[in-house]
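Here the structure comes first, spelled out in structure tokens, and everything after it is commentary.
What follows draws every value from the coordinates through simple rules; no lab data is involved. As the structure is a prediction and not an experimental result, all values here were calculated from the model. Positions of Cβ are generated from backbone atoms using ideal geometry, with glycine treated the same way; all protein chains shown enter the neighbour counts.
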Amino acid sequence: MTAGFARPGNRADIPAIVDCSIAAWSERLPDPSLLPAAEVLQAGWAQYFDSAPMPGRVALVATADDAVVGWLMSDVADDADLAHLRAVEILDITVHPNHRRQGHGSRLVHALADITRNQEMDALQMWCLASDPALASFLAAQGFAADGARRQLADLHDGEDSGAYEVRVLTDIRGERA
């Protein structure tokens, strides 16, 4: 096993981020036709990197031997019931299937906590599919806990209620600030 690191992502990382995404999402999606085209993902990441920097908006990549093997994207949380908290939402965290269970995801979450704690943020949150016990278990190991909030998901094709839902998990990061 090689040493792994988490660092801020940049535009040069986009091709590797997209490759990781396609490999990981291919496993998670029941229908490969639901995968967005690589060009769409590249354009989305370019827009994210080009957007104005602000506290909470963070893109991190996990590396092994200088190769990008995972990523995390966050932004300021906008859930109205958390307005009293300065929370950062993890929009997604993805590790290439060939590099899972090597600590990359943990490094990404802990790096985000360090960065956003120093930006005077209070908590990290993520919406997690109720039907994804692996992600729920990973997040619990990082100190996240469900807070009782949940939301229904609409079917991607016709906007109908899919029956699937997400639960919100949170972790407090207000420990000692650097």
*Name the residues whose placed amide hydrogens come within less than 5 Å of the amide hydrogen of residue 92, ignoring near sequence neighbours (fewer than 5 apart) on the same chain.*
73
*asked:* Below 8 Å, C-alpha to C-alpha, sequence gap of six or more: please give me the relative contact order for the chain in percent.
replied: 20
*Considering the Cα trace of the chain, what is its radius of gyration and what is Dmax, both in angstroms?*
16.1, 48
_Amide H contacts under 5 Å for residue 9, placed H, 5+ residues apart_ = 59, 60, 61
*asked:* I want the local charge near residue 132. Using Cβ-Cβ distances under 13 Å, sum +1 for each Lys or Arg and -1 for each Asp or Glu among the other residues.
replied: -2
